[in-house]
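Below: the structure, in structure tokens.
The values are calculated or read from the model by the stated rules, or taken from the named source; none is laboratory data. On a predicted model such as this, the values are computed, not experimentally measured, just so you know. Neighbour counts run over all protein chains shown; Cβ positions are idealised from the backbone, glycine included. Keep in mind that these areas ignore ligands, DNA and RNA; they rest on the heavy atoms of the full protein, side chains included. Shrake-Rupley method; radii C 1.70, N 1.55, O 1.52, S 1.80 Å.
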Amino acid sequence: MPTATLQKFQDFSEQLGLGVHNFGAHALKVCLTNTAPASTAAALADITQISAGGGYSAGGYSLSGVTWSETSGTAKLVITDQVITASGASIGPFRYVVMYNSSATSPLGALIGYLDYGSALTLADGESLTLDFDATAGVLTIS
């Protein structure tokens, strides 16, 4: 399967400055869509998710191993790879994987960024896609 790089939403920078995101404590999730996210989107409600089924539920998947650390003035967000597996039916098609803060309430489900796989993917029953988050460089850094 192809790999993709996180593209941040424009509003994420403002949300970060307003304290909407606390990567050390908040729950992060990813949802799937086949509709190109607008760079100006701010909340989960702005995303048109794919239909539930095949193991995919509205709201998507919880991410684990989320850590936020700082070394020599550079902060880094690290997330454990997420495996998405179709079960009982197919998942998709989807092209975009949208990361959001499910703990955020204003805006509800504050958006962080998205992965663009370049073309629509469909996982047949039993197939998997690994969201390969770079453990060394991190998903995102601020210096």
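Results for (1) open to solvent by 50 Å² or more (accessible area, probe 1.4 Å); (2) among the charged types (D, E, K, R); (3) touching a strand residue (DSSP E or B) at 6+ places or on another chain (Cβ under 6 Å), shown as yes or no for each residue.
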site: Ser13; (1), (2), (3): yes, no, no
site: Gly17; (1), (2), (3): yes, no, no
site: Val20; (1), (2), (3): no, no, yes
site: Gly24; (1), (2), (3): yes, no, yes
site: Thr33; (1), (2), (3): no, no, yes
site: Ile47; (1), (2), (3): no, no, yes
site: Gly54; (1), (2), (3): no, no, yes
site: Leu63; (1), (2), (3): no, no, yes
site: Ser72; (1), (2), (3): yes, no, no
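Restricting region 79-94 to residues that are assigned to a strand (DSSP E or B) and aliphatic (A, V, I, L, M), the residue that is surrounded by the most Cβ atoms within 10 Å (Cβ to Cβ) is Ile91. Reported count of residues in region 109-140, each being under 27 Å from Glu70 (Cα atoms) and of a type outside the set (Asp, Glu), is 16.
Within region 96-110, the residues that satisfy the criterion of being open to solvent by less than 70 Å² (accessible area, probe 1.4 Å) and not small (Gly, Ala, Ser) are Tyr96, Val97, Val98, Met99, Tyr100, Asn101, Pro107.
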